[in-house]
1. On the basis of being open to solvent by 10 Å² or more (accessible area, probe 1.4 Å), over 11 Å from ALA556 (Cβ atoms) and either touching a helix residue (DSSP H, G or I) at 6+ places or on another chain (Cβ under 8 Å) or in a strand (DSSP E or B) (or both), does VAL490 make the cut?
2. Which of the residues that make up the range 560-576 are open to solvent by 70 Å² or more (accessible area, probe 1.4 Å) and among the small types (Gly, Ala, Ser)?
3. Six or more apart or on different chains, Cβ atoms under 8 Å: show the pairs whose first residue is in the range 187-206 and at pLDDT below 85 and whose second is open to solvent by less than 80 Å² (accessible area, probe 1.4 Å).
4. Restricting to the range 360-379, and then to whatever is part of a helix (DSSP H, G or I) and open to solvent by 40 Å² or more (accessible area, probe 1.4 Å), can you tell me which residue is modelled with the lowest pLDDT?
5. Considering the range 178-228 alone, what residues qualify as being closer than 13 Å to ALA289 by Cα and open to solvent by 80 Å² or more (accessible area, probe 1.4 Å)?
6. Since ALA9 meets every condition but one in (1) open to solvent by 70 Å² or more (accessible area, probe 1.4 Å); (2) at pLDDT below 70; (3) within 29 Å of HIS66 (Cβ to Cβ), which condition does it not meet?
7. Confirm whether ARG157 is among the charged types (D, E, K, R), over 16 Å from ALA196 (Cα atoms) and either in contact with a Leu (Cβ under 8 Å, 6 or more places away or on another chain) or at pLDDT below 80 (or both).
8. Within the range 199-221, count every residue that is under 18 Å from ALA275 (Cα atoms) and under 8 Å from the mean Cα position of the chain (by Cα).
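The values are calculated or read from the model by the stated rules, or taken from the named source; none is laboratory data. Computed from a predicted model, the values in this text were never measured in an experiment. Ideal geometry is used to build each Cβ from the backbone, glycine not excepted, and the neighbour counts take in all protein chains shown. Heavy atoms of the whole protein, side chains included, go into the accessibility calculation; ligands, DNA and RNA do not. Shrake-Rupley method; radii C 1.70, N 1.55, O 1.52, S 1.80 Å.
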Amino acid sequence: MDRLILFPALRIALIYLLLSVVWIAVSDKVVATLFTDPAALTHAQTWKGWAFVTVTAVLLGFLVQHEMERYSRIQKALDHARAEQLASEQRYHRMFAESPLPAWVSDSETDRILAVNEAAIKHYGYSREEWLHLTTHDLRPPTLAPKPEEDQLKPVRQIRGSGVWSHMRKDGSVMDMEIATHDLDFEGRPARMVIANDITERRQAEERIYYLAYFDALTGLPNRVLLMERLRSEVQAARQQRHSVVLAFVDLDRFKDINDSLGHKAGDELLQETARRLTRMMPRGGTVARMSADLFALLLSGHIRREDSQRLANDALACLGGPIDLGSLCMVEATACIGLALFPDDGDDDSTMMRNAEAALHHAISQGRNQSAFYQADMNTRSLERLAMETDLRQSLEQGRFVLHYQPQIALSGRVTGVEALVRWNHPTQGLVSPARFIPLAEESGLIIPLGTWVLQEACRQASLWHRDGLELTMAVNLSSIQFRQPRLVAHVAAVLEQTGLPPALLELEVTESIIMGDTDDVADTLRSLQDMGVQISIDDFGTGYSSLAYLGRLAVNKLKIDQSFVRGIPAQSDAAAITATIIALAKNLHLTVIAEGVETSAQADFLRKQDCDEMQGYLFSRPLPPREAEDFIRSRNTLPG
């Protein structure tokens, strides 16, 4: 304000001084020139003085008025600016105080909190008095706060600023805060305003999305996407550093049977335990991933030889071998098959490694359970042959190239009391193909559903024809676990019986022991519904399952079928003989019919007769026969005396 007054006054004084000097210098010369008479000169000097006073008075008046008007405009502008600043400060204080986001002001030099809004008090849990004794460092968790000696070496400004920081509430809970800062003057000192936004939930959601994208939710292992990325990275590094990478696919044996029979909860527990065992077994730096349902992958890089890779596979099989407790459900024995590919011998890029490891796995599976195999060049050829067989299988279903053969079941009296329907594939170029070759492929491809539907329909049709011709035979038909889990199985069986006219009592459905393990409600309801209809239920391959025998007294079962693996060892092997005798005695005590399959020698048959086994089936009596030959055998056998 003093400057606004001083500068105009100096300007007027200078103008007055300049005008005076010019007036005196000019007017004296003019008067001296015009007036030579002393009296006239004196008179002229007097008028010159009055003229000077008049002119300067007018001029000074004009200048003062101009400067006053200018001063007034400046004063109004200053008043307006002060009003704007005051309003802005009021808005700032109101926004600071009423902001829904936590905010505070800290000293730029000491970092001590100078002011804090209500949102920060509520969000962090400190009172206003406690806030004013804090620094921004005090908001950091102890594990993340800078050490005192580091504080002395680094300027405060370097550890502040915008970004995302971890802050801790008064109760000790940690949150992710998105921080924005702005420098300002606060009560005459340099300060910094901080606005904080809690993004903990957003960060957790982002982390969850990342986890779901790259990890398996059930086991916590890396998923296929992450495994592929790591494989690609490992192969690139191995190519540069000239070392090896081994990729192994691990597929659980009979997982589908366990999952279908005991339910998804048991299957999930089995997968989780498999993941834990493989993780414990895996050397440091390796990756265990879950690729799909029961398929796992092992990835390891370094100076790995083929024998090292085989040792890894052996360790994996060993760690999985052994009982797995599924809680109250049952105890299972898990085994697996493993296919291995070694970089650079078995593939020079990640996609080739994946393809060749999968081919090696298929080869291992074809060799039986608990097997491992390295990739070999001819495996891709076999994979193509497998695809071709699946195509032929599908076309053969459409063209009706399947036939049923029937293997007689012999009672102690020697009479044929029933037959088991066994499907054969009449391949256009290979002739009759054994079920051992195409049934697993049918189950994997889903073709077992239409194939099983045809088998049930054709077997019931043939049994109905024999029944009308006077042959009272039970027709045994195998149901796969996939068929048994079909939601309309009971209705479908009822429809087939009605269409073919076969009495329900002459149909026997064989289910494996693994299907009914665990006695789940769905299994019990299905078996009860079938038995209420009049259909007989037989447990196939009895003695090979994992569960206790307690379910036999609770489920709707009519017959036990002793697995041929036990029959094969009698009477020479004492263990097989003891197990077989125990199963027969158990069946008798539970009032169940018992039949032994795979009887091939007279010694086996004699042992079974002595144990009072109700029925026998095997090549000792007859191989599976086409319908006409089976009928001739049955009639000839049942007309024999005694």
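1. Yes; evaluated as a whole, the condition is true for this residue.
2. ALA572, SER574
3. From the range 187-206, the pairs are GLU187/LEU114; ARG189/ASP107; ARG189/SER108.
4. SER366
5. Passing the criteria: only ARG224.
6. With respect to (1) open to solvent by 70 Å² or more (accessible area, probe 1.4 Å); (2) at pLDDT below 70; (3) within 29 Å of HIS66 (Cβ to Cβ), ALA9 is out only on (1).
7. Yes: the conditions hold for ARG157.
8. Summing the residues that are under 18 Å from ALA275 (Cα atoms) and under 8 Å from the mean Cα position of the chain (by Cα) in the range 199-221 gives 8.
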